[in-house]
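The values are calculated or read from the model by the stated rules, or taken from the named source; none is laboratory data. Since the model is a prediction, treat every value here as computed from it, not as a measurement. Methodologically, a virtual Cβ is constructed for each residue, glycine included, from the backbone with ideal geometry; neighbour enumeration extends over all protein chains shown.
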Amino acid sequence: MNHTHPPLDFAYPLPYGARVRDGGVHFTVFSRSATGMRLLLYADVHAQEPCEVIQLDPATDRWGDVWSVFVPGLAAGQLYHVQADGPFDPSVGQRFDSQARLVDPYAEALAGDFQANADGIIRPPRCVVVDDHFDWGGDRHLRRPLADTVIYELHVAGFTKSATSEVSSPGTYLGLIEKIPYLQSLGITAVELMPVHEFPILDWNGFPPERFNYWGYDPLAFFSPHRGYAGSDEPGAQVREFKQLVRELHKAGIEVILDVVFNHTCEGNELGPTLSFKGLENRIYYMLENGGDSYRNYSGCGNTINGNHPVVREMIFHCLRHWVLNYHVDGFRFDLASILSRNRQGELIPNPPMVEVIAEDPLLADTKVIAEAWDAAGGYQVGTFATMRWAEWNGRYRDDARRYWRGDSGVTGALATRLAGSSDLYQTSGRSPYHSINFITSHDGFPLNDLVSYSHKHNEANNEGNRDGENNNYSSNYGIEGPADDPEIQTLRLWQIKNFLATMLLSQGVPMITAGDECRRTQGGNNNAWCQDNDTSWFDWRLVKENAELVRFLSMLTALRKAEPTLRQRTFLTGEPRTGDELADVSWYGPNGESATWGSLRSCLTCVLAAAVSNGESGAQAADSRYSTAIRTPHQGAEEKTTKVPHDVMILTNAGTKDQAFHVPSIVESDRWRVVINTAAEAPADILQVPKTSGQQRTVDNEAIDRAPVAKFPLTVPARSLICLMARPE
C-alpha cells in the first residue's frame, strides 16, 4: 500500500544501487524506456506486501535514463524492490510489467526467497541495503605472480556440506574457513570458487525445484554474495561472512578467484519470469532476435547477456570493481567467455570492447583474469580469445593429456607441446606460458577418479535419459566399468591418476586441480552433476584418510613445483642453448636417447629442461608488466624470489602397455640424476619424501633432492607411468 513519507531529498544520479548516506539511503536504477518507477520497502523478509511504496517523480527524480531518489530515515538492512511502468510489446523487445517486483541489478545482497504467488505476482527475494564497512585488519590483495600460482577449483557448499566434514557450519563460507589448514597442506596458492553470486534456491512459486541448480550457474544478482552459503539468516549476513572467508584465506597465503557468469541470467527465454532485467530494459540487457520477441541463446540457458552494449558493459565493469574493492578478491574466471566476444548481433568479433575494458582497467590491474574461451553456440577461441594479460582454460591441454595417457596414437608430439606451455596457442599473441591454465578435470565432467574408471557417462540420476553431458570424455575404465575389485585394474587406475597429476604439475603454465581429485572423489560416473546437491557432488572427507598417500603425492608435487623455477618459466622455451651453455632450455628425445623424431615416436618421450636462470621475470616481462599480473610486490604470503639453486629436470613418460628402457641422452651425464617422482612405485617411494613443516606445508630444498635415489641408466619406465629426475646444473 502507499504511505505518506517525509519529504524526499535531492539525489544525484550515481552511483547505481542502494547506498547509505547521512540520514538515509540513496536509490538509483537505470531504465531508458520506463514511464514510471516505484520503490517498494518491506518491514521484514516474510512480509508479502511492502510497508511503503514510494513513487518517483519523472520531473525531479529522473536524470536522462537514470531514476534516483534519496529516502531519509532509512538505514542499512532495509529491504526493497523496484517496480517499473512501461510498454509491453514483445515484438520489439519490450517486456515491462507494472505488477512485477524487481531485483535491483546493482543490489549488494538479497534476503529471503521466492514466495508463493497465488495472486499471479512473483515475489522474488528482497534486496538488502548494505553497509560495506568491514574490519579487514590491513588485508590487501596477495598479488602472487600468475606463473607461481596453483589453482584449486571448489564448490563453497559442497566442500563441507557432507557430515563427514565435521565443521560447525557445514555448507557455508564459515565452514570453508575451517578447512583452510587442509588447503594449506595441499600447497595450493589460490581457490577458484564456483559461482558465489546470487542464484535461485526455490522456484518462482516458492517451492523446491524439481532439479536444483547446485553449481550456481544461474545468476539472479551479480553484485550479491549467495545467501544460501551464509551461516546466519540475518539479511546481509552473507556479505560479512564472505569477507571473513577472503580475509582468512589471505592470511593463509591463498588467493580467491571467482567464477563469474556474465553470459546469461535465471530469467530464461520468452517463457521465463520477469525478475529484474526484463522488467527494466529487456532489449538492452539481452541479445534478442525475431524483431525482439525471442532471445538469442549462446549460453545454452535460454538467454544471452548483451555484454557489448555500453550500458551492460558498464554494469559488468562496475561489478568486477565491486568484488575487487569491497571483497578483496584476487581474480575472475569468466564462464563461457566467448559470449563476451560477440557483438550485439551475436557475431564473434576481434578486439571486443568488453574484453579490452577488463584487461585495461587500472583498478583491476592486480587481478587475474581467466577465460573459459568457448560458449554453447560453437564459439571456440582457445588460444585466440584475447591478447595482453588474459589467461585461458586450456581445453586443448585437457584433451591432449587425456588422450596421451589413455594410449591414443599420434598424440606424443601434442603432449610435448602442452608440457612446454602451449606456444602454438599463446606465443603469437604475445602472451606467455602462464596464460595457459592447464587442467585435466574441472567441475564440468568426470572427476579424476571417474576419468580412469568409466568409459561412458552415467547421468541417469539427472532425469534426462542420460542424454545430457559430454559424450566424448577421452576416458577409459581399463577393463571394468565403475568400481573394480581386480588388483591389477586398481593399481593401473592409481598410476594413471598419478600420471595426470604429475604431468599437470610438471608442465609449463598454471595447473588447476579440481577439489577431491587428490583423494579420488567419485560421482559414480556422472559427468554433468549440475543438479546433484547430494553425496554425488559433496566432498567426502573420509577419502582424505583412505587415500592419504595420494593426498601426500599431490602435496609433494606442489612443493616440488614451488621449489623449481625450471617448471614455472616466464617465457616460452626455444629449444636453443642459453649463452655459454651446452644444454638447450628444452630438448626432446626418444627412449633410445637420440633426438626425437616426431613421426616415429609412439608412446614414449624424454623431455630435458635446463635449469632456469632465475625465478624472476625476463627483461621482456619487466618491460610489459602491465599485462603479466606477475610483476607485483609480494605481500602477505606471496612467494619471494627463490634463493635455491634451480635444477635441470628430466621427464620420462611411457603411455604404452609395455615396460620401456630409457637411455640417457648423450648431452647429459648419467650419474648425477636423482629420481624424485616415479608414479609406478609404491608409496612412499612414488615421490620425494619431505615432512610437513609447522606451517602445514612441505618445503623442498637442494639437500632433499640430493638425498633422492640416484638413477641407473638404462632406466626402465614401467608401462603407463612417469618418472621425473632432477640434477644440479653442471
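Computed quantities for the displayed model
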item	result
Filter pass, residue 352 being under 24 Å from residue 217 (Cβ atoms) and either out of contact with any Lys or Arg (no Cβ under 6 Å at 6 or more places or on another chain) or among the basic types (Lys, Arg) (or both)	yes
Leading residue by the ranking (farthest from residue 319 (Cα to Cα)) among those in region 178-212 that are of a type in the set (Asp, Glu) and not in a loop (DSSP other than H, G, I, E, B)	178
Verdict on residue 333 being part of a strand (DSSP E or B) and either touching a helix residue (DSSP H, G or I) at 6+ places or on another chain (Cβ under 6 Å) or at pLDDT 95 or above (or both)	yes
Lone qualifier among 188, 177 - being within 30 Å of residue 700 (Cβ to Cβ), touching a Phe, Trp or Tyr at 6+ places or on another chain (Cβ under 8 Å) and assigned by TED's automatic domain parsing to the domain that holds residue 275	188
Enumeration of residues in region 147-171 that are assigned to a helix (DSSP H, G or I) and either acidic (Asp, Glu) or within 28 Å of residue 560 (Cα to Cα) (or both)	147, 148
Search result, residues across region 538-570 that are touching a residue at least 40 places away in the same chain (Cβ under 8 Å) and either at positive phi or surrounded by fewer than 18 Cβ atoms within 10 Å (Cβ to Cβ) (or both)	540, 542, 549
Among residues of region 44-58, those that are surrounded by 17 or more Cβ atoms within 10 Å (Cβ to Cβ) and part of a loop (DSSP other than H, G, I, E, B), counted	3
Any hit, region 59-80, residues being in contact with a strand residue (DSSP E or B) (Cβ under 8 Å, 6 or more places away or on another chain), outside the structural domain of residue 262 (by TED's automatic domain parsing), within 18 Å of residue 275 (Cβ to Cβ) and surrounded by fewer than 23 Cβ atoms within 10 Å (Cβ to Cβ)	no
Index of the failed condition, residue 576 passing every other in (1) at pLDDT below 95; (2) of a type outside the set (S, T, N, Q); (3) surrounded by fewer than 19 Cβ atoms within 10 Å (Cβ to Cβ); (4) in contact with a helix residue (DSSP H, G or I) (Cβ under 9 Å, 6 or more places away or on another chain)	(4)
Any chance residue 253 is of a type outside the set (Ser, Thr, Tyr) and modelled with pLDDT under 95	no
Residue count, region 336-366 (criterion: touching a Leu at 6+ places or on another chain (Cβ under 8 Å) and either assigned to a loop (DSSP other than H, G, I, E, B) or within 19 Å of residue 300 (Cα to Cα) (or both))	5
In region 112-133, residue nearest to residue 316 (Cα to Cα) [restricted to those that are surrounded by fewer than 24 Cβ atoms within 10 Å (Cβ to Cβ) and among the aliphatic types (A, V, I, L, M)]	122
Candidate set from region 265-285 (those that are outside any helix (DSSP H, G or I) and in contact (Cβ under 8 Å) with a residue 60 or more places away in the chain); member that is surrounded by the fewest Cβ atoms within 10 Å (Cβ to Cβ)	270
Per-region count, region 299-329, residues in a loop (DSSP other than H, G, I, E, B) and under 18 Å from the mean Cα position of the chain (by Cα)	3
Residue 237 out of contact with any Asp or Glu (no Cβ under 6 Å at 6 or more places or on another chain), free of Cβ contacts under 8 Å to residues at least 12 places away in the same chain and not β-branched (Val, Ile, Thr)	yes
Test: residue 665 is farther than 26 Å from residue 496 by Cβ, modelled with pLDDT of 90 or more and buried (at least 16 other Cβ atoms within 10 Å of the Cβ)	yes
Matching residues, region 686-704, being of a type outside the set (Val, Ile, Thr), over 21 Å from residue 494 (Cβ atoms) and modelled with pLDDT of 90 or more	701, 702, 703, 704
Tabulated pairs, region 317-345, first farther than 12 Å from residue 355 by Cα, second modelled with pLDDT under 95 and among the polar types (S, T, N, Q), C-beta under 7 angstrom, 6+ apart or interchain	344/308
Any hit, region 221-233, residues being polar (S, T, N, Q), closer than 19 Å to residue 130 by Cα and without any contact (Cβ under 8 Å) to a residue 24 or more places away in the chain	yes
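Yes/no per residue for (1) touching an Asp or Glu at 6+ places or on another chain (Cβ under 9 Å); (2) small (Gly, Ala, Ser):
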| site | (1), (2) |
| --- | --- |
| 493 | no, no |
| 502 | no, yes |
| 509 | no, yes |
| 535 | no, no |
| 554 | yes, no |
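Results for (1) under 30 Å from residue 477 (Cα atoms); (2) assigned by TED's automatic domain parsing to the domain that holds residue 337; (3) under 19 Å from the mean Cα position of the chain (by Cα), shown as yes or no for each residue.
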site	(1), (2), (3)
365	no, yes, yes
371	no, yes, yes
383	no, yes, yes
393	yes, yes, yes
396	yes, yes, yes
399	yes, yes, yes
408	yes, yes, no
421	yes, yes, no
433	no, yes, yes
